[in-house]
Every structure is written in C-alpha cells, then in structure tokens.
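S.K.: One structure, as structure tokens, below. Some questions next.
The values are calculated or read from the model by the stated rules, or taken from the named source; none is laboratory data. Note that the coordinates shown come from a computational prediction; the quantities given were computed from them, not determined experimentally. Neighbour counts are summed over all protein chains in view; Cβ atoms, including those assigned to glycine, are modelled from backbone coordinates with ideal geometry.
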Amino acid sequence: MDTGADQCTCGGTAWTVLDYTGEMVRCDGYIRNGSVGPTLPVVSAVTCVTPKDNDEEPFLLVVHQAV
C-alpha cells in the first residue's frame, strides 16, 4: 500500500477486491520516455495485517476509494 501518492494504491496478492466503483484512474507519475501509465480501477479492498509483535492479534484492513 502506497500512502505517499496522490491516490491511495493497493497492489499484490495480499489484497482482495470487495467492490469496484466503476471509476478509473490513469496513473501518470514519473514515467520514462514519455510513455503513458496504466489505467486502473478504483476499488474497495481488504487485507489481513499480522502485527510484528506476537502479543497482538491479526486484523482486517479495509481501504475504500483506492487504485
């Protein structure tokens, strides 16, 4: 998950998409050679977070309006 971007992004196999909003975002950050970035869906997604401290229980993290 990248929270430093203008748009919250989630990626990888750890995330499960719960809902698609029907909106799309073209990701045109710093890209070499003037190429255009991918167009990605805006979604709600969930992942399971396992804290490093073994005394804490895992929890579900839900993110809305993420690319």
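S.K.: What tally of residues in the range 15-60 results from selecting those that are touching a residue at least 24 places away in the same chain (Cβ under 8 Å), in contact with a Cys (Cβ under 8 Å, 6 or more places away or on another chain) and of a type outside the set (Val, Ile, Thr)?
M.R.: Within the range 15-60, residues that are touching a residue at least 24 places away in the same chain (Cβ under 8 Å), in contact with a Cys (Cβ under 8 Å, 6 or more places away or on another chain) and of a type outside the set (Val, Ile, Thr) number 2.
S.K.: Any chance you could count how many residues in the range 31-67 are hydroxyl-bearing (Ser, Thr, Tyr) and assigned to a strand (DSSP E or B)?
M.R.: Selection size over the range 31-67: 3.
S.K.: Give me a count of the residues in the range 1-26 that are modelled with pLDDT of 80 or more and over 9 Å from the mean Cα position of the chain (by Cα).
M.R.: So the answer is 13.
S.K.: Name the residues in the range 9-53 that are farther than 12 Å from His64 by Cβ and in contact with a Phe, Trp or Tyr (Cβ under 6 Å, 6 or more places away or on another chain), would you?
M.R.: Listed by number, the residues that qualify are Pro41, Thr47, Val49.
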